[in-house]
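One structure below.
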Amino acid sequence: SQQGEEDPQALSIQEGENATMNCSYKTSINNLQWYRQNSGRGLVHLILIRSNEREKHSGRLRVTLDTSKKSSSLLITASRAADTASYFCATQGGSEKLVFGKGTKLTVNP
Amino acid sequence: DGGITQSPKYLFRKEGQNVTLSCEQNLNHDAMYWYRQDPGQGLRLIYYSQIVNDFQKGDIAEGYSVSREKKESFPLTVTSAQKNPTAFYLCASSIAAGVSETQYFGPGTRLLVL
C-alpha cells in the first residue's frame with residue numbers, strides 16, 4: 001500500500017520562482033526521504049529527514065517535517081529549467097522498506 | 001565509475017514468455033531492490049534482498065521471481081504468470097537493509113508486451 005501522497009500532482013512555474021511540494025502520510029515513520037526522477041530515468045536521492053528533525057537544508061532545497069500533522073514539504077528556491085522533473089516522497093517505518101507516493105510533476109518554464 | 005547498471009534499456013516480451021531483467025552494482029552494497037513503476041504512479045516494491053542468497057517478497061511479487069547468487073547481481077524474471085507486465089522496472093541498492101538508508105537507483109528497463 002502507498003503511504004505518502006504528494007500534493008499537487010502537477011506544478012508549473014517560471015524560472016526563478018520557488019516551488020513547494022507537499023507530502024502527507026498515514027502512519028508513524030522513522031524517516032521521510034525525497035527523490036527526484038527525470039523523465040524516463042532512475043530516481044536520485046535528494047534529502048532524508050528523520051522523525052526527530054523538523055527542518056533540513058541542502059543547497060536550494062529545504063525540507064520540513066511535521067510529525068503531528070503527518071506531513072512534509074519540499075521547497076526548491078530560485079528554480080531553474082533543469083529542476084523540471086517528478087519529485088517523490090518516500091516514508092520508512094520500522095522496516096527497511098521504503099513506501100513511495102505518486103509524485104509531483106514539476107515543470108519550470110524558461 | 002561506481003553505480004548501478006540495468007540492461008536492457010527496452011525489452012519486448014511475447015505472450016507466454018519469461019524474460020529476465022539484469023541489475024548489477026559495483027557499490028559493494030548488501031541490499032538490493034526491484035520496483036515497478038506504472039505511468040503517473042509511484043514505485044511499488046516487487047522483491048528485495050538484504051544479503052546474498054536471501055530475498056523477500058515485496059508488495060507485488062506475484063508473477064515475478066528473483067535470485068541473489070552474487071552480491072553485485074540481482075536479476076528479475078518476469079514470468080508468463082504476470083498478466084500485465086508492461087511497466088518501467090527500477091533496480092536499487094543500499095549499503096545495508098536498515099532504517100535510514102539511502103537507496104541508489106539504476107536507469108531502469110522499460111518492458112513492453114508484443
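Counted as qualifying within the range B:1-112 are the strands (runs of 3 or more DSSP E) with 1 or more residues that are of a type in the set (G, A, S) and within 11 Å of another protein chain (Cβ to nearest Cβ), namely B:31-37, B:43-51, B:87-94. Filtering the range A:4-47 to residues that are β-branched (V, I, T) and within 13 Å of chain B (Cβ to nearest Cβ) leaves A:I29, A:V44, A:I47. Would you check if A:S73 is out of contact with any strand residue (DSSP E or B) (no Cβ under 9 Å at 6 or more places or on another chain) and more than 14 Å from every other protein chain (Cβ to nearest Cβ)? For A:S73, the condition - out of contact with any strand residue (DSSP E or B) (no Cβ under 9 Å at 6 or more places or on another chain) and more than 14 Å from every other protein chain (Cβ to nearest Cβ) - is not met.
Filtered by the rule that a residue be hydroxyl-bearing (S, T, Y) and over 13 Å from the mean Cα position of the chain (by Cα), the range A:59-97 gives A:T67, A:S68, A:T77, A:S79, A:T84, A:S95. Taking the conditions (1) at pLDDT 95 or above; (2) facing chain B (nearest Cβ under 10 Å); (3) surrounded by fewer than 14 Cβ atoms within 10 Å (Cβ to Cβ) in turn, A:S1 satisfies each one other than (1). Is there a residue being among the polar types (S, T, N, Q) and buried (at least 17 other Cβ atoms within 10 Å of the Cβ) anywhere in the range B:66-81? Within the range B:66-81, not a single residue is among the polar types (S, T, N, Q) and buried (at least 17 other Cβ atoms within 10 Å of the Cβ). Which one of these is charged (D, E, K, R), touching a Leu at 6+ places or on another chain (Cβ under 7 Å) and closer than 28 Å to B:S100 by Cβ: B:D30, B:D59? Result: B:D59 is the single residue among B:D30, B:D59 that is charged (D, E, K, R), touching a Leu at 6+ places or on another chain (Cβ under 7 Å) and closer than 28 Å to B:S100 by Cβ.
Quick check on B:A61: is it modelled with pLDDT of 95 or more, within 27 Å of A:L32 (Cα to Cα), surrounded by fewer than 21 Cβ atoms within 10 Å (Cβ to Cβ) and among the small types (G, A, S)?
Considered against the rule, which asks whether it is modelled with pLDDT of 95 or more, within 27 Å of A:L32 (Cα to Cα), surrounded by fewer than 21 Cβ atoms within 10 Å (Cβ to Cβ) and among the small types (G, A, S), B:A61 comes out as yes.
Count of the range A:77-100 residues, restricted to those that are within 14 Å of chain B (Cβ to nearest Cβ) and of a type in the set (G, A, S), is 6. Every condition in (1) among the aromatic types (F, W, Y); (2) under 20 Å from A:L48 (Cα atoms); (3) in contact with a Phe, Trp or Tyr (Cβ under 9 Å, 6 or more places away or on another chain) holds for B:Y64 except the one numbered (2).
Could we say that A:T27 is touching a residue at least 60 places away in the same chain (Cβ under 8 Å) and either of a type in the set (V, I, T) or in a strand (DSSP E or B) (or both) here?
Working: touching a residue at least 60 places away in the same chain (Cβ under 8 Å): yes; either of a type in the set (V, I, T) or in a strand (DSSP E or B) (or both): yes.
Taking the combined requirement at face value, the residue satisfies it.
In the range A:1-24, how many residues are small (G, A, S), more than 19 Å from A:S51 (Cα to Cα) and part of a loop (DSSP other than H, G, I, E, B)? Break it down stepwise before answering.
Residues of the range A:1-24 that are small (G, A, S), as a first pass: A:1, A:4, A:10, A:12, A:16, A:19, A:24.
Okay, now just the ones that are also more than 19 Å from A:S51 (Cα to Cα), so A:1, A:10, A:12, A:16, A:19.
Remaining after also requiring part of a loop (DSSP other than H, G, I, E, B): A:1, A:16.
Total satisfying the criteria: 2.
The values are calculated or read from the model by the stated rules, or taken from the named source; none is laboratory data. Everything numeric in this text was worked out from a predicted model, so none of it was measured. Cβ atoms come from the backbone with ideal geometry, glycine included; neighbour counts cover every protein chain shown.
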